[in-house]
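Below is one structure, written out as structure tokens, with a few remarks after it.
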Amino acid sequence: METAEKQYTFKDFASDQEVRWCPGCDDYVILRAMQKALPELGVRKEDVVFISGIGCSSRFPYYMDTYGMHSIHGRAPAIASGVKLANPDLSVWVITGDGDAMAIGGNHFIHLLRRNLDINIVLFNNEIYGLTKGQFSPTSTVGQRTKSSPYGNIQPPFLPGELAIGAQARFFARVGGNTPKEMTEVFVEAAKFKGTSLVEVLQNCPIFNNGAFAKYTDKAVRADKQLFVEHGKPMIFGKERNKGLVLNGLKLEVVTIGENGITEEDLLVHDAQMQDPTLHQMLVRSEYPLVTGIIRGFPDITFEERAADKTEKVKRDSNFHKTDDLFFSGETYEVD
Amino acid sequence: MTTVKTKQSEQALEAVVVRFAGDSGDGMQLTGTQFSDTSAMFGNDVATFPNYPAEIRAPQGSLYGVSGFQVHIGSVEISTPGDNVDLLVAMNPAGLKTNLHAVKAGHGIIVDTDAFTHKNLEKAQYSSNPLEDGSLDGYQVIEVSMTSLTKEALKDVEGLDNKSITRSKNMFALGMVYWMYHRSREHTIDFFKKKFKGKPALIEANTKVLNAGFYFAETLELIPNSYTVAPAKMPSGKYRIIMGNTATAWGFLAAAEKSGLELFLGSYPITPASDILHELAKHKHFGVKSLQAEDEIAGIGSAIGASFAGDLAITTTSGPGLALKSEALGLAMMLELPLVVVDVQRGGPSTGLPTKTEQSDLLQAMYGRNGESPVIVIAASTPANCFNFAYEACKLTLEHMTPVILLTDGYIANGSAPWKIKSVSEMPDIKHRIIREAKNTWHPYERDKDTLARDWAVPGTAGLEHRVGGLEKDKLSGQVSYVPENHEHMTQVRAEKIKKVQNYIPDLEVKFAEEGELLVVGWGGTYGTLYAAVKELASSGVSGVGLAHFNYINPLPKNTEEVLRRFKKIVVCELNNGQFVSILRMNFNGISFEQFNKVQGLPFGNAELIKRFKELLG
């Protein structure tokens, strides 16, 4: 990827289109965080491609002054894979929602993660279908009342991170939809990561599922309910910065520094780069605290690198340089 | 067995049809391929027809597990694998039972008597042994204990297990057939050397068995005749035998090289299209990128992405796969990006008859998408011209910036024929519409005035950043537009763009008669069978019967109506229930069309075509 000569600002990435999400939607926060993250990456604007599926989130590419495609429901990971394989020098982003990625597009979503192309996925999780006006989604909670579950949802939800890591995701991060600074940081790290990165944004839908994440994301409770993990740092949270996580057998346990002789040294130190995802899965599943930040970032060979290696080797060993070499090779015969 | 050499007569023939039939594990496809390749190298014109079950190794001896391979060779032009066979090689009772009907009366049948056991006869549902009950009295039956003779031939070869020994009995049969038709064994022996490289025992064994069969036939007085089929008169040049699917893959390779673009294939395995994926996956040395995707939708999805980013993008499939791709194909049409979709048609509907041929996806290709969603539809008509039409599909999609569906079918995709090799330098130029520099007043949906094609601005090009999508677009900027007049305008422009392709495709040709009594109309893979039938009528002195075969279906050639009106009667022949004829009826009011339809998973037979044509001629 070539480096931009120009120092961009967020304005360079805003298209001339009027943004049409509902007032108060976290999508605005995500858009701005992305427009701020891209200048930090130093990539050329013309090398950036956003591919989206269908849903509220998927209108995103129209608002970015880069290359973009608003495609069809669930298929953005497949289309983005083609873009990346055609031109590995591009910075390719998939913009998707919980329905788009995990219901209709579940298959493409898991296979992109498995293959590990260097593509960044931003998953706007609002635990509801917004654009179709309020049906439950694959991340809606059991009991959630929606237009299509008037007596309460009976389908157990996916946890996006759990599904992703199960599909061999090398990079998974989670951020609240109302924390733009953290979000920008995570977008920058996701983009820098070589391989498929998945950033789940807990995105509040003010119309159909208002307050779905409030118990974790409200300013008043955020510090006490969320643990923002950072690689190499102890897992501390709480307003007083006195709570932490330890491993007790096969369970995570919340402890308080200063109680029962616990000191900061006793806390788990976050290792995002471990290949073994066991602890990462436990962090994904933890409800108290809700873990945000880059939970997993295990560096691995990418699909493009494997493909390039193969192609290079075949090219080196082959006598076929032009198609004529192939067409006229082997069992041919002359007719006079 | 007698060792006394008797004088056997030698007879010259214009053409011969041989069919090999046996269990799906008996190597009939390989045996047939060897016979056709050897004959082609000798200089015959050839056509082949593999006919095999969907099961990989169906239960031995069963009727439904029979695998057949038919070869038609000639010193004259050969355009079909032939209806009836001059020689049937039946490796077991089931192979005999399912293929006997095709053998010409009085003609030859070679059987492996060792396979005619009580058990195998029972599996083939014979109540008595046909070799003993007189039911084969009308044929020249050549009974050979092939399995025992093969074992005998190999008794001194070391390092062979029992299975390898019995499996090579197909080469005994091939050796006999080679002797009967004066064929050289050289090509097949070279083939063993390559196929079994590093396994000298297998090379030795197969060569020995092939020779044993050859010498056995030579010394056996049971075979009264041997035959010669002289080389055919074909345009001079360098040839090779090519299968339709390989020719399709190579057409794409040639188009990529000519256009200067990289080739991207996104595909999901499906019978009978998978061979195109297999072939293109081999050619990384040309920089081909092939992605075996997680499903049909990801196959086309990745191809759309690659096309957006500037590759020559292809996706390959068969009927059910085209159904899965239809939404994404609509997107490609809406985006106005180049994309080639190959549908190697098979028997439908649903899973249908995966290994059998049919032409029943035509209306799906034409209309199988939501909304007003026209695309270019073309069809190859012979194994060899799959090359030309794959190339043509690329040329059209790149120059007109709209998806192209290329229809082939199981019959031409798996069939093989001589191909006069085309150098890329002989192929027409392809001018893609990629723009590399920003122009001041450029708009993503500006169009060329002649073709109505838009420019192809690919990511990585500074100053041309733009967004596309499946929502209706403003006619110039490509931004989302719900303006009613704009939607109608765009709908019409997309249709007009396809119509304009008429100016870039050749006129419809008529063969045998320019005007007259009956026009035989076909499209796609039925060309060879229709050609042979009309030719036979013409050479038997029936005049006024013409053949118009379509390769371009959407749009139709400009002169279509004019051609149709030159004949008193028109019969549209299709391997479906009447799909192309419905398109013709819709387009050409006041012309009456007769039909000949066959939906049996099989190609047309010569006799049935001629019978129908004669009925229509009255």
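Every read-out reported here was derived from the displayed coordinates using simple, explicitly stated rules and does not represent laboratory data. Treat the numbers as computed from the prediction; the structure is a model and nothing was measured. Because the Cβ atoms are built from the backbone with ideal geometry, glycine has one as well, and the counts that use them run over all protein chains shown.
Under the combined filter of DSSP loop state and at most 14 neighbouring Cβ atoms within 10 Å, segment A:141-222 retains these trypsin sites (Lys or Arg not before Pro): A:ARG145, A:LYS147. Annotation for segment A:126-187: chymotrypsin sites (Phe, Trp or Tyr not before Pro) lying in DSSP loop with at most 16 further Cβ atoms inside 10 Å of their Cβ are A:TYR151. Could you let me know the centre-to-centre spacing of segment B:74-97 and segment A:147-223, using Cα atoms, in angstrom? Centre-to-centre (Cα) distance: 65 Å. All distinct Cα pairs of chain A go into the 1/r average, and the inverse of that average, the Kirkwood radius, is 21.4 Å.
Once backbone amide H atoms are built at 1.01 Å from N, A:THR146 has A:GLY152, A:ASN153 as its partners under 5 Å, excluding neighbours fewer than 5 places away on the same chain. Taken about its Cα centre, segment B:158-204 carries a charge dipole of about 200 debye when Lys and Arg each add +1 at the Cβ and Asp and Glu each add -1 at the Cβ. Taking every DSSP bridge with both residues inside chain B, close to 35 percent are antiparallel. Annotation: amide H of A:ILE121 within the under-5 Å range of A:VAL94, A:SER197, A:LEU198, A:VAL199, sequence separation 5 or more or interchain, hydrogens built in the peptide plane.
With both partners inside segment B:240-426, how many of the DSSP beta bridges are antiparallel, as a percent to the nearest 5? Roughly 20 percent of the DSSP beta bridges within segment B:240-426 come out antiparallel.
Order of A:36-46, B:181-191 by packing, highest average Cβ count within 10 Å first? Mind showing how you got there, number by number?
Details: A:36-46: 19.3, B:181-191: 16.7.
In decreasing order of mean packing, A:36-46, B:181-191 become A:36-46, B:181-191.
According to the Cα-based calculation, Rg over Rh for segment A:1-122 is 0.96, with Rh computed by the Kirkwood formula. Against the main long axis of the alpha-carbon atoms of chain B, helix B:484-499 sits at an angle near 40°.
Using only the Cα atoms of segment A:81-238, build the gyration tensor, take square roots of its eigenvalues as a ≥ b ≥ c, and label the shape rounded, prolate or oblate: rounded if a/c is under 1.5, else prolate if a/b is larger than b/c, else oblate. The shape class here is oblate.
For Cα pairs less than 8 Å apart in space and 6+ apart in sequence, what is the mean separation divided by the residue count of segment B:223-313, i.e. the relative contact order in percent?
29 percent
Inter-label distance, B:SER226 to B:ASP190: 2.1 nm, where each label sits 7 Å from its Cα along the C-beta direction.
Phi-derived couplings, Karplus 6.51 cos²θ - 1.76 cosθ + 1.60 at θ = phi - 60°, listed residue by residue for segment A:213-229: 10, 4, 5, 9, 9, 4, 3, 5, 10, 3, 5, 7, 9, 10, 10, 8, 7 Hz, with x used for Gly and Pro.
Per-residue mean of foreign Cβ neighbours for B:407-420 is 0 (Cβ atoms of other chains, 10 Å radius).
Between the alpha-carbon centres of segment B:300-366 and segment B:542-561 there is a gap of 25 Å. Each part reduced to its alpha carbon centroid, segment B:186-253 and segment A:259-335 end up 46 Å apart.
Less than 5 angstrom separates the built amide H of A:CYS205 from those of A:GLY211, A:ALA212, all sequence-distant by 5 or more or on a different chain. Annotation: the residues B:TRP179, B:TRP523, sorted from fewest to most other C-beta atoms within 10 Å of their own C-beta, follow the order B:TRP179, B:TRP523.
Each Lys and Arg adds +1 at its Cβ and each Asp and Glu adds -1 at its Cβ; summed about the Cα centre, segment B:86-125 shows a dipole of about 140 debye. Relative contact order for chain B: 11 percent, from Cα pairs under 8 Å spaced at least 6 residues apart, divided by residue count.
Take each residue of peptide A:92-102, count the partner chain Cβ atoms within 10 Å of its Cβ, and average: the result is 0. Solvent-free Debye calculation, one equal scatterer per alpha-carbon of segment B:510-617: log10 I(q)/I(0) at 0.11, 0.16, 0.20, 0.24 Å⁻¹ equals -0.29, -0.64, -1.04, -1.53. The charge dipole of the protein assembly as shown, taken about the Cα centre with unit charges on the Cβ atoms of Lys, Arg (+1) and Asp, Glu (-1), comes to about 460 debye, rounded to the nearest 20. Sites listed here are chymotrypsin sites (Phe, Trp or Tyr not before Pro) in segment B:365-474 whose DSSP assignment is loop and whose Cβ has at most 15 other Cβ atoms within 10 Å: B:TRP442.
Averaged over peptide B:516-523, the number of partner chain Cβ atoms lying within 10 Å of each residue's Cβ comes to 0.
The equivalent ellipsoid that matches the C-alpha gyration tensor of chain B spans semi-axes of 48, 28, 21 angstrom, in descending order. Residues in segment B:262-272 carry Karplus couplings, in order, of 7, 9, 10, 10, x, 8, 10, x, 7, 6, x Hz; the curve used is 6.51 cos²θ - 1.76 cosθ + 1.60 with θ = phi - 60°, and Gly or Pro positions show x. Using every pair of separate Cα atoms, the Kirkwood estimate puts the hydrodynamic radius of segment B:371-482 at 16.7 angstrom.
With all pairs of different C-alpha atoms in the average, the Kirkwood value for the hydrodynamic radius of the protein assembly as shown is 31.3 Å.
Placing a label point 7 Å from the Cα of B:LEU617 along the Cα-to-Cβ line, the residues of segment B:540-559 whose backbone N sits under 16 Å from it are B:540-548.
What ranking do B:MET333, B:MET28 get, fewest neighbouring Cβ atoms within 10 angstrom at the top? Walk me through the numbers before you get to the answer.
Working: B:MET333 23, B:MET28 26.
So the residues, fewest neighbours to most, are B:MET333, B:MET28.
Here the mean projected area of the convex hull built on the C-alpha positions of segment B:38-178 is 9.9 nm². Backbone phi angles across segment A:324-334, fed through the Karplus curve with coefficients 6.51, -1.76 and 1.60 (θ = phi - 60°), yield HN-Hα couplings of 4, 4, 6, 4, 8, 8, x, 7, 10, 8, 9 Hz in residue order; Gly and Pro are listed as x.
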